[in-house]
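Student: Quick one: the structure is below, questions incoming.
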Amino acid sequence: MGTGPTIITPLDFRGQTPAETTRRPPWRRRVVTLVVLCLVALLAAAGWFVLTAQQVTITITPDPDTMRVEGSWRLELAGRFLMRPGPYEVSATAAGHHPLAETIEVVRGGDGQFHFELQPRPGIVSIACVGADAPDTLIAGAQTRVGDRPPAPAPITEIELDGGEHAVEVRHDRYQTLLTTIAVEGFDRRQSFTLTLRPDWAPVEIATTPVNASVWLDGVEVATTPCRIDVDSGERTLELRAEGFEPWRRTLAIAAEEPVTLADITLAPVRGTLRITTTPPGGQVVVDGDYAGLAPVEVEVRPEADLLVRVARDGYEPAERTARVGARQVTDVAFALTPRLGVIRFDVEPADAVLFVDGVRQGLVPPEITLTAEAHRLRLEAPGFTPFIRDIRPRVGVPQRIQATLTRLVVTGEETADPLAASTGYRFASIEGGTYTMGASRRERGRRANESLRTIELRRPFAMGVREVTNAEFRVFRKEHESESGDAVPLGGADRPVVRVTWDDAARFCNWLSVKDELPPVYVERGDRMHAVDPIPTGYRLPTEAEWEYCIRSGPEPRRPYPWGAGSTPPAPIANLADESAAQVLGLTITGYDDGYAGTAPVASFPPNALGLRDLAGNVAEWCHDYYSIPASDPDRTVVDPTGPPRGAHHVIRGSSWRHSMISPLRSSFRDYSAQKRDDVGFRLARYLTEPTP
């Protein structure tokens, strides 16, 4: 190409003619027509959609982060939808919530309202446990239950829990069970809970003399003294042991988190045992100046030491001896006491009278008899005569004389009339009374706290029923009475003692018989209860408690724990008690004892005591006249003819029964009480023989 100038040549211009202007190609007309038709169709379809679609509102709580609607024809306008009838899929998501995926059905003429709630996701929870005693240390293995989930050992890490409150229970061998709640936020949020457990033990501090004693807890050695140990709550057996000393044992009631201090525990040196007996038994024993009880007795003493043993018994010369015993050994010390004797001379009519000394028959009354200088009960009997009874204490070197003329009984036909018998034939024994110590010493084995020692004087003569009232006698008063209780033991026989009667029933029987025998009634009825009059007249009544104990002891002397003597096992057969024949009914019985009766026995089946009274021990326990109380122990003050407190809720019951086998109720001083009838409680009668003193 050159570098010269460019030459532009003009052309001629000619405009289109009208004919040329109207003449267009045919394809262009077809395109225009097609476009117009499409627009018309589109407008028709839009009109049809608008006229046939349903307005739909979809709300989701809380506001979702994303929402999609999929399905047929639909149009979203400002948060609302126009939808053709048919199914649609709605999905939505929001942080901390489960995704939403729901199907909706749009129907013609429906309200078009759809509402959904997004469900929160659970929280992510971890649980750990610490002790209140060590809050910085985790407790491993505590069984933790959350709601209905199975328990799992703590610590528990990252478990899913729905939002809200959840109950939590935590158990551990050494901590108190914890019941609490935790508040879970949910929404995929992570939370950690630390639960504090309270100790289920208490610190126990122990100090002993001597030191270095081994400490045994529930049979396991755990420490040596002095020490501080943690002891689980509850009853625990603690034992301290040291060489040359007796074990020290206690049962501790441990309360959680309540410290216990056992300081200055002095262990006793190993002991030995002196087994002291006297012939006759009953000597009072004193060892190195300390009263030890009545022989036979066992006394724990310090070993390898010379001990002075003294014994004394009323009517015998005192004796003493030095004894030594080894550690954990038993040494027998026996005393044969020398009696102090006195002479009793007799001048008695009739000449064929028989003498009983302390209930033992001696034969015809001798001119004189030598007895130990202690209290004795003499009884003179002769056929057809009223017995003569005298309590006497022989004096050494001073003979005493008894002059007695027995009173003849009234004879009717061939029968000998008993002036003390009731019109029903119920018989009494005349009791002159005397002074005695009621209750039991604290040293007596089996003693109960209500057996207070008191000095009693029975000054007013009385008559005591020889036996218990029978079913037959009570049914004359009350025909419908039934003693049977439904147990497999015989109780309802006519000659057996009446049982299942209340105290008021027994008092009403006494009044009924008093009226029958023209004696002044002792009781009056107020409302539905019976009450004793004051002063007490000579009508029939229940024995006072003081009279009852005097009689079971056969008078003022000797003081023996049991009606039959010093030993707890009765010589068979002496009373109807819980024997081996009743084992299937009662379970607990006296080993080796068999009286032949599983339930009650016919009255007077066993030998009488020295006063001629039967069944004070065994058969049935007996109602007494007195309201029940626990009097103060005051043996230095003499109480005359006590009849009990003026009012009360219960009445006294005395004596053992066919149900009894344990040491405590078998003793003469045993006291019971009740306001209800029982199948082992009956009664006997008593009455005063003289009018009350003004």
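The values are calculated or read from the model by the stated rules, or taken from the named source; none is laboratory data. If you're wondering where the values come from, they're calculated on a predicted model, not measured in any experiment. A quick note on method: Cβ atoms are made from the backbone with ideal geometry, for glycine too, and the neighbour counts reach across all protein chains shown.
Student: Does the stretch 632-639 contain at least one residue that is closer than 24 Å to LYS677 by Cβ and in the same structural domain as LEU685 (by TED's automatic domain parsing)?
Tutor: No, the stretch 632-639 contains no residue that is closer than 24 Å to LYS677 by Cβ and in the same structural domain as LEU685 (by TED's automatic domain parsing).
Student: Report, by residue number, each residue of the stretch 93-108 that is of a type outside the set (A, V, I, L, M, F, W, C), farther than 16 Å from MET67 by Cα and touching a residue at least 24 places away in the same chain (Cβ under 8 Å).
Tutor: ARG108
Student: Ok, one more. Under the condition of being out of contact with any strand residue (DSSP E or B) (no Cβ under 6 Å at 6 or more places or on another chain) and of a type outside the set (A, V, I, L, M), which residue from the stretch 59-85 is nearest to GLN113 (Cα to Cα)?
Tutor: Per the criteria, the residue is GLY79.
Student: Another one. If you take the residues of the stretch 574-611 that are at pLDDT below 90 and at positive phi, which of them is farthest from the chain's Cα centre (by Cα)?
Tutor: GLY596
Student: Kindly indicate which of VAL524, VAL499 is on the phi < 0 side of the Ramachandran plot and in a strand (DSSP E or B).
Tutor: VAL524
Student: Determine which member of the set VAL107, VAL130, VAL146, VAL125 is of a type outside the set (Asp, Glu) and under 15 Å from ARG189 (Cβ atoms).
Tutor: VAL125
Residue-wise test of (1) modelled with pLDDT of 90 or more; (2) in contact with a Phe, Trp or Tyr (Cβ under 8 Å, 6 or more places away or on another chain); (3) within 20 Å of ARG671 (Cβ to Cβ).
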{"residue": "ARG427", "(1), (2), (3)": "yes, no, no"}
{"residue": "GLY434", "(1), (2), (3)": "no, yes, no"}
{"residue": "GLY439", "(1), (2), (3)": "yes, no, yes"}
{"residue": "GLU451", "(1), (2), (3)": "yes, yes, yes"}
{"residue": "ILE456", "(1), (2), (3)": "yes, yes, yes"}
{"residue": "VAL469", "(1), (2), (3)": "yes, yes, no"}
{"residue": "SER485", "(1), (2), (3)": "no, no, no"}
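Student: Please enumerate the residues belonging to the stretch 223-252 that are farther than 13 Å from ILE206 by Cβ, out of contact with any Asp or Glu (no Cβ under 8 Å at 6 or more places or on another chain) and either surrounded by fewer than 16 Cβ atoms within 10 Å (Cβ to Cβ) or modelled with pLDDT of 95 or more (or both).
Tutor: GLY234, GLU235, GLU243, GLY244
Student: Answer yes if at least one residue in the stretch 597-614 is in the same structural domain as VAL524 (by TED's automatic domain parsing) and farther than 22 Å from ARG467 by Cα, and no otherwise.
Tutor: no
Student: I need the full set of residues from the stretch 328-354 which are surrounded by 18 or more Cβ atoms within 10 Å (Cβ to Cβ) and over 16 Å from PRO394 (Cα atoms), in order please.
Tutor: VAL333, PHE335, LEU337, VAL348, ALA353
Student: Go through the stretch 482-511 and give me each residue that's without any contact (Cβ under 8 Å) to a residue 40 or more places away in the chain and crowded, with 16+ Cβ neighbours inside 10 Å.
Tutor: Within the stretch 482-511, GLY492, ASP504, ALA507, ARG508, ASN511 meet the criteria.
Student: Say we look at the stretch 172-215 and pick out the residues that are assigned to a loop (DSSP other than H, G, I, E, B) and among the basic types (Lys, Arg); which of these is nearest to ASP232 (Cα to Cα)?
Tutor: ARG174
Student: For the subset of the stretch 155-173 comprising residues that are surrounded by 15 or more Cβ atoms within 10 Å (Cβ to Cβ) and touching a residue at least 40 places away in the same chain (Cβ under 8 Å), which member is farthest from ILE124 (Cα to Cα)?
Tutor: Among residues in the stretch 155-173 that are surrounded by 15 or more Cβ atoms within 10 Å (Cβ to Cβ) and touching a residue at least 40 places away in the same chain (Cβ under 8 Å), the one farthest from ILE124 (Cα to Cα) is HIS172.
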